[in-house]
Structures are given as C-alpha cells and as structure tokens.
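> I have a structure I would like to understand better, so I am pasting it below and will then ask my questions one at a time.
The values are calculated or read from the model by the stated rules, or taken from the named source; none is laboratory data. This structure is a prediction, so every number in the text was calculated from the model and none was measured. Cβ placement follows ideal geometry from the backbone for every residue including glycine, while neighbour counts extend to all protein chains displayed.
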Amino acid sequence: MDAVRTARRLGSKRAILAYRRSRAEMPARAEEVHHAEEEGIEFMFLVSPLEILGDRNGWGRGVRLQRMELGAPDASGRRRPLPIPGSEFELPADIAVVAIGTRANPLLTATCPELKLNKWGNIETDDNQMTSIPGVFAGGDIVRGGATVILAMGDGKNAAASIDKYLREKTKSAKQPT
Ligand SMILES: Cc1cc2nc3c(=O)[nH]c(=O)nc-3n(C[C@H](O)[C@H](O)[C@H](O)COP(=O)(O)OP(=O)(O)OC[C@H]3O[C@@H](n4cnc5c(N)ncnc54)[C@H](O)[C@@H]3O)c2cc1C
C-alpha cells in the first residue's frame, strides 16, 4: 500500500496495485484502502504476476499477469487463489515494484554467528533486551519481526535503560577492591 501510494505521489500517471486475492481478503487496513482509492490508486484484484517483461535494453516494459479465482480457505483462513489456465495477459508498466512482505535483514546476523536468532531470523533478547552476546542489546523489528514505530521506540528506551544499568554494574564491579 505504501509503495503504490508513494508511486502515485511521486507523479505516476497511473499507479496500479495488483493483488492475487479479492478485496475481502486484503490484509491492508480498511482506511488505507479507502485513502488509496481517494488518491487515485487503481486496484486490480484476482491477478498474480508471472513475469516482469523487459525490452532489448534491459528496461522494464510491463508485467505478465494471470487471472485467479478463489478456492477453499488455506492455512491463513483466507480463500486460496487458484490460477485460471489460459488467462494470462500483459500489463504495460514503466516500473514494477515487488512489495509482498518483509523479513529480517540477514547482513548483520549472518556475520555474527554468536548472535542467537529465532526461526524467522530475528535476534533473541532477554527481558532487558540483551542479546546472546553480553553487552550487546537489540530491539525493534529485528527482534519483533515487522511491528510498529511505537514499539521500536519503546524498545529503544528500554534498551537504553538496560545499557545504563549494565555499564553501571560493570564499572562498580571493576572498582571493587580485590
Ligand atoms: C512499508 C511499511 C510501512 C509501514 N508503515 C508503518 C506505519 O504506518 N506505522 C508504524 O508504526 N509502523 C509502520 N511500519 C513499521 C515500521 O517502519 C517499523 O516497525 C520501524 O521502522 C522499526 O524500526 P527499527 O528501528 O526497529 O528498524 P528500521 O526502521 O528498519 O531501522 C533499521 C536501520 O538499520 C539499518 N541497518 C540494517 N543493517 C545494518 C547494518 N548491518 N549496519 C548499519 N545499519 C544497518 C537499516 O538501513 C535501517 O536504517 C511500516 C513498515 C513498512 C516496511
């Protein structure tokens, strides 16, 4: 929703959101859909991308899509989209944005094998937001998965207090006479 609305605000004549289920299954918030429509976003429901089409110079020229129909509900409880054979068509486009979800950035975590991660690749912390590496703290999306700015800010404040406590205790024990 953010990508298509931002594309429109950046001056795209047409900004189209292609979604493989129908409006009823959209995970976006209702007011987001409403505001997107007010901004002039076009919704194309029950279509799934098959291929990004390029021209001879390597520039994108469109997307090949296939029409879908809804079958029985899947594990998410939403009706499963099923491809309709022979329904492929091309949608001309200057830019195609793939915006179908988020996951943890593996750059940092891949280079720190001592950092304990959960099964989704997010960093595990204790209640004080300390990671498996003593003195290293984490919070926000890399710990929670995709969440909100408010929760990330809360984690930041919580981590700051924990870091302060951790350093005070460390300094105190370093000063203690042996
Ligand atoms: C499309 C979209 C729309 C959203 N809309 C909302 C909304 O309306 N309201 C809301 O509350 N939340 C929204 N969110 C969620 C919100 O953006 C996040 O929860 C929040 O930004 C998490 O903050 P963070 O500081 O944990 O992570 P981030 O904001 O992702 O910050 C992490 C930073 O670390 C940097 N980084 C990563 N790896 C390294 C590295 N190895 N070295 C140095 N820097 C690195 C990244 O570049 C990034 O700047 C949205 C998220 C998305 C993707």
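> Inside region 1-59, can you point out the residues that are within 15 Å of the ligand (Cβ to nearest atom), small (Gly, Ala, Ser), touching a residue at least 12 places away in the same chain (Cβ under 8 Å) and within 23 Å of Ser76 (Cα to Cα)?
Ala28
> Please work out which residue is nearest to the chain's Cα centre (by Cα), limiting yourself to region 132-178 and to residues that are within 16 Å of the ligand (Cβ to nearest atom), within 20 Å of Cys112 (Cβ to Cβ) and part of a loop (DSSP other than H, G, I, E, B).
Among them, the one singled out is Gly145.
> Which one of the conditions (1) within 21 Å of the chain's Cα centre (by Cα); (2) modelled with pLDDT of 95 or more; (3) surrounded by 12 or more Cβ atoms within 10 Å (Cβ to Cβ) does Met1 fail to meet, given that it meets all the rest?
In the conditions (1) within 21 Å of the chain's Cα centre (by Cα); (2) modelled with pLDDT of 95 or more; (3) surrounded by 12 or more Cβ atoms within 10 Å (Cβ to Cβ), Met1 misses (2) alone.
> Please specify each residue of region 60-93 satisfying the condition of being in a loop (DSSP other than H, G, I, E, B) and at pLDDT below 95.
Matches in region 60-93: Asp74, Ala75, Ser76, Gly77, Arg78.
> Quick one: Ala93 ticks every box in (1) touching a residue at least 24 places away in the same chain (Cβ under 8 Å); (2) within 16 Å of the ligand (Cβ to nearest atom); (3) among the aliphatic types (A, V, I, L, M) bar one, so which box is it?
Failing condition for Ala93: (2).
> So in region 102-115, with the set limited to residues that are near the ligand (Cβ under 9 Å from one of its atoms) and surrounded by fewer than 10 Cβ atoms within 10 Å (Cβ to Cβ), which one is farthest from Ala3 (Cα to Cα)?
Here the residue is Thr111.
> Go through (1) exposed (fewer than 13 other Cβ atoms within 10 Å of the Cβ); (2) within 27 Å of Val4 (Cα to Cα); (3) not hydrophobic (A, V, I, L, M, F, W, C) and name the single condition Asn118 misses.
(2)
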